[in-house]
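Since the structure comes first, as C-alpha cells, the remarks are kept for the end.
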Amino acid sequence: MIHVENLTKYYDSFCAVDQINIEINKGEILGLLGPNGAGKTTTLKMLTGYFKPSAGTIQVNDYNIEDNPLEIKQMIGYLPESSPFYKDMLVYDYLEYVSKIKGIKPSDRHPRLRYLADLCGLNHIMHKAIGELSKGLNQRVGLAHAMMNDPEILILDEPTQGLDPNQIVEIRHIIKKIGQEKTVIFSTHILSEAEATCDRIVIINRGKIVADGNTAELKQSTDQKTIIQLSLLNAETESVQNTLTAIEGIDRVESISRTDDGVLKVKAYSSSTEDLREKIYRTIKATDWVIIEFLQEAKTLETIFRDLTRQIN
Amino acid sequence: MWQFTHILKKELKDYFISPIAYIVISIFLIITGWFFFSTFFLYDQANMRGFFSLLPIIFAFVIPAITMRLFAEELNIGSYEILLTMPVTFSDIIIGKFAAGFIMTGAMLLPTLAYPISIAFIGDLDWGPVIGGYLGALLLGGTFSAIGVFASALTHNQIIAFILGAAICFVLTLIDKMLFFFPESILNIIEYLGADFHFRNVARGIIDSRDMIYFISVIFISLYSTYLALLRKE
C-alpha cells in the first residue's frame, strides 16, 4: 500500500533521514520507534507530504507524492506531535471546518461529527475554545481531526503523549479498532505501548532503519546475545572463568563483583540460540560451588531497543 | 477548485468573532473621520478629495495590521503543518487568505460611504470622482493586502510581519513624492512604481489600463512571492 524507497532528508548538511526503504501493507499497525532525534517525526512528516524529501520516492497505492500530493493527502489522516490547532476556535467550529476542507458532503457532516465526538469522547467540550483544553483533550481533538474523512491511512505522531493512563488505554483501544481495516502508522518511544498495539515494529536510529519485524521476530534476531547471570558462593574467580568458558556455546565470562560475604557474581555471554541453562547447571553440580542466584536475562523489547540504538552510537 | 472558500470563510470568521475586526475598523474610521472633517468645513467644498488623498497613507499601516496574522500566526502556533497536510494546494491557501484580507479591507471602507451620502445632503456632490475614488481604494486595498500577505508569510512573528508590510506599503505610497532624489532618466519608472500615483489617477475618475495593469501586477507579484516564500519552508 505504501512504498517508500531511498527516502532521504537533509536539514542543511545534517542528514535526518538516511535512505529509508520500507513497504507498508494495508491493515498493518506499524509502530515507529527510536530515540529522540532519530528521524521518526521527519519520516512521518514526509509521508504526510508536509516535508519534501531531499531524495527518494513515496508511493501510496498508485499515487506518487510528487505528482499527486492532493490525492495522497485525501487518503491520509494525520495527528501531529503537539496537536497545534487554532486556539481561538471552538472545537465544534474547528471540526466542522476540517470536515469542509476534507470534502465531507454537507448532509454527512453532522452524523460524522457526532460519531467522532462519541468515539473520541468530545461531547462535553464541543463548545469550548481549543486553547482552553488540557493536553489530553487537545490530543483527542487531534484524533478526531485525523479520522475526519475515514482515511485509509492514519499517521499519528506520539498519539499517547501527555495522556493519563486511562486515556492511553482508550487511545490504544481506538488504534487497534481502526487498525482492523485501516493502515495505522504511529511513532512512540514508549516500548510497552508499541509491543501492546503494533503488528510490526520498525526501529530507527540516526535516520536509518535498524530493525523491522513483529515483536517475536525482533526478539529472535540472531545478533542478539543471551546473558546468563550467576551468583556463586565458595568459588574462585579464575576457576569459574575457566570452567564456564569450557562449556560449548559460551563465548566469554565476565566477573562482575565479589561481595564481602564471598558471593561471586559473573555474567556469561552466549550468541548461540540453544538454551544453555541445563549444561551450566550440570557443570556447576559437579563442583562444590553453591548457587545463590541463576538467571537468564530475558530479551525484552527494551533490551533490544537499547542494544540496537546504542550499537551505532 | 473551491477549496479556498473554506479557508476564506474560516479567516473571515476569525476576524469578526474576535475583536480585531472591530478595533481595526474603529481606528480606521476615527483617523479618517478626524483628518477629513477637521478641514472639510474650512474648505467649504462638497467633494471627497481630502478623504481620498489621506487614504493611501492610512491604508499603508492599517492593512498590514489586518494581514499580519494570516500566515505568521499559523507558522507560530504550528497549525500551518496541519493546513498543509489537508487536501488543499498552496494556491487555495494563498488565495483564501488574500481574499479574507481584501474583504476585510472592503468591510472597513463600507462605513465611510456615510461620508459622501451626508455630503450629498448638504451640498452638490459630483459622484464621478467618488465612485472612481472607491474603485481606486479597492484596488489599492487589494494591492496592500497582497503585500501584507507576503510579509506575513516571511516570518513567525506578527509584529515583524506588520513592520515589514507597512514598510513596503509606505515606500510604494511615498516614492512618487521623493522624485527629486532620483536622476532624471529614471523619473518615469520611479513614478510608475508609486502606488499613490496610480491611485490618484483612478480617484480622479480616469480608468486607464496602465493603472489597472499596475495594481493587478503588484497583486500578482506579491502573491507569487508568497508562494515562493512558502515553498522555501518545505
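Tabulated results
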item: Residues residue B:213 and residue A:132, FRET efficiency given R0 of 35 Å [Cβ-Cβ distance, rounded to 0.05]; result: 0.10
item: Of A:187, A:107, A:99, the one that fluctuates the most in a GNM where chain A has Cα springs shorter than 10 Å; result: A:107
item: Lys, Arg +1 and Asp, Glu -1 on Cβ, resulting dipole of the protein assembly as shown about Cα centre, debye, nearest 20; result: 820
item: Separation between Cα centres of the stretch A:49-76 and the stretch A:185-201, rounded to whole Å; result: 24
item: Compactness of the stretch A:69-174 as Cα Rg over 2.2 N^0.38 Å, two decimals; result: 1.00
item: Chain B - charge dipole about Cα centre, Lys and Arg +1 at Cβ, Asp and Glu -1, debye rounded to 20; result: 300
item: Cα long-axis angle, helix A:135-146 against chain A (0 to 90 degrees, to the nearest 10); result: 60
item: Averaged over B:74-84, number of beta-carbon atoms from partner chains that fall within 10 Å; result: 5
item: Positive minus negative residues near residue B:159 (Lys, Arg vs Asp, Glu; Cβ under 13 Å); result: 0
item: Equivalent ellipsoid semi-axes - Cα gyration tensor, the stretch B:82-130, angstrom; result: 41, 10, 4
item: Considering only the stretch A:2-220, percent of DSSP beta bridges that pair antiparallel, nearest 5; result: 55
item: Degrees separating the helix A:301-311 axis from the principal Cα axis of chain A, which is the longest one; result: 80
item: Peptide ranges B:68-75, B:53-60 listed from the most packed, as the mean C-beta count within 10 angstrom indicates; result: B:68-75, B:53-60
item: Of all DSSP beta bridges in the protein assembly as shown, antiparallel share, percent nearest 5; result: 70
item: Segment residue B:2-residue B:182, length gained on full extension (0.36 nm per residue, minus Cα span); result: 60.2 nm
item: Listed residues B:156, B:142, A:6: farthest to the positive end of the dipole of the protein assembly as shown (Cβ charges); result: B:142
item: Chain lengthening between residue A:1 and residue A:307 when straightened (0.36 nm per residue, less Cα-Cα); result: 107.1 nm
item: Percent of Cα-Cα distances greater than 30 Å, calculated over chain A; result: 47
item: Per-residue [θ]222 nm for chain A (sum of -39500 (n - 2.57) over DSSP H runs n ≥ 4, rounded to 500); result: -10500 deg cm²/dmol
item: Shielding by other protein chains, A:96-103, mean Cβ within 10 Å; result: 5
item: Helix axis angle, B:49-67 relative to chain B longest principal axis, alpha carbon, degrees; result: 10
item: Where N is the number of residues in the protein assembly as shown, Cα Rg divided by 2.2 N^0.38 Å; result: 1.38
item: Estimated FRET transfer efficiency when R0 is 22 angstrom, pair residue A:189-residue A:274 (beta carbons, to 0.05); result: 0.10
item: Most positive-pole-ward Cα, A:294, A:259, A:273, against dipole of the stretch A:226-311 from beta carbon charges; result: A:273
item: Cβ charges +1 (Lys, Arg) and -1 (Asp, Glu), total dipole of the stretch A:131-239, debye; result: 160
item: Label point distance in nm, residue B:232-residue A:252, each placed 7 Å from Cα along Cα→Cβ; result: 5.4
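Taken together, the values in this text are just the output of simple stated rules run on the coordinates, not laboratory data. What you see is a predicted model; the values in this text were computed from it and never measured. We place every Cβ from the backbone using ideal geometry, glycine too, and count neighbours over all the protein chains shown.
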